[in-house]
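Heads up, the thing below is written out as structure tokens.
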Amino acid sequence: MGTFDGWLGVALIASATLFGADLGRRSPRAAALPLAASCGALIAVVVADLGPDVVGDVRETGVGWPAVILVGALGFVASGVLMKRGCPCEPGLAGGVGTAAALGVHRALEGSALAVAASAPLVLALVVHAASEGFALTALLGAEQSRRWAAALWLGVACVAPAFGMLVVGSLGLPEKAHPLLTAAVAGVLARTALSAYRIAAERGQAMVARSATVVSAGVLASVLALLTHLG
């Protein structure tokens with residue numbers, strides 16, 4: 001049913017989504033910085049948090065690296081397909097039930113990470129990214145009166161779907177040998193999310209800001225993760 005840390009992460013993600021949506025309504029041009037910051041945070045989590053978890057799980061379970069790499073690549077590709085349709089960071093959203101469903105699956109995949117490894121750095125990275133997605137939703141749809149119903153629907157889906165993803169994955173009761181595969185899949189999903197966040201931030205005419213924010217946020221979070229690992 002999810003841990004306390006997982007549910008806290010879900011609540012923070014939902015709050016960040018709504019905060020980002022409100023910020024997008026007030027300042028629709030300031031999207032590059034939160035997108036780039038979320039990219040750096042997600043990269044740090046994948047490399048310095050989930051990566052060592054996968055290595056440790058592989059050693060303990062004996063699962064072959066080819067299978068782990070394949071599942072990670074599938075997570076990356078599948079997330080990319082969903083993001084083309086359902087991530088507000090991507091340009092050209094179509095609207096309607098199909099897009100809302102794709103957005104729901106996309107956010108549920110992010111929420112499933114909380115069932116795998118609900119660490120503080122992961123929650124922080126997802127919170128920053130959720131704020132940027134809420135920001136992007138409002139910036140894309142808020143200007144058109146006829147699409148405000150879509151903005152409200154998508155914000156609702158974006159807030160609820162992470163909890164659904166965490167519950168589904170947490171209730172599966174997967175065997176120990178599935179742990180490195182599931183963690184690799186989550187890492188692939190988050191890596192694709194980071195790539196999309198950076199690309200969109202750079203495309204908004206602020207490539208230098210995007211690069212700087214990505215490097216700084218990745219460096220800071222990676223340093224924190226290294227310190228926590230050393231102290232632990």
Next on the checklist: I need a count of the residues in the stretch 158-184 that are surrounded by fewer than 23 Cβ atoms within 10 Å (Cβ to Cβ) and under 15 Å from residue 50 (Cα atoms).
Outcome noted: 4
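Name the single residue, out of those in the stretch 1-15 being farther than 14 Å from residue 110 by Cα and of a type in the set (A, V, I, L, M), that is modelled with the highest pLDDT.
8
Only one of these is under 12 Å from the mean Cα position of the chain (by Cα), modelled with pLDDT of 80 or more and part of a helix (DSSP H, G or I): 128, 123, 168. Name it.
On the way: 128 fails: modelled with pLDDT of 80 or more; 168 fails: under 12 Å from the mean Cα position of the chain (by Cα).
Just one listed residue meets the conditions, 123.
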Checklist entry - If residue 190 satisfies every condition in (1) at pLDDT 80 or above; (2) not in a helix (DSSP H, G or I) but one, which is the exception? => result (2)
Next on the checklist: As an exercise: evaluate residue 135 against (1) surrounded by 21 or more Cβ atoms within 10 Å (Cβ to Cβ); (2) at pLDDT 80 or above; (3) of a type in the set (Phe, Trp, Tyr) and give the number of the one condition it does not meet.
Outcome noted: (2)
Checklist entry - Applying the selection to the stretch 27-57, what residues are surrounded by fewer than 21 Cβ atoms within 10 Å (Cβ to Cβ) and modelled with pLDDT under 80? => result 27, 28, 29, 30, 33, 48
Item to check | Members of the stretch 58-88 found to be assigned to a helix (DSSP H, G or I), open to solvent by less than 20 Å² (accessible area, probe 1.4 Å) and either of a type in the set (A, V, I, L, M, F, W, C) or at pLDDT below 85 (or both), listed by number | outcome: 58, 68, 79, 80, 83, 86
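The values are calculated or read from the model by the stated rules, or taken from the named source; none is laboratory data. On a predicted model such as this, the values are computed, not experimentally measured, just so you know. So basically every Cβ, Gly included, is an ideal-geometry build from the backbone, and we count neighbours across all protein chains shown. For accessibility, only protein heavy atoms count, side chains too; no ligands or nucleic acids. Shrake-Rupley method; radii C 1.70, N 1.55, O 1.52, S 1.80 Å.
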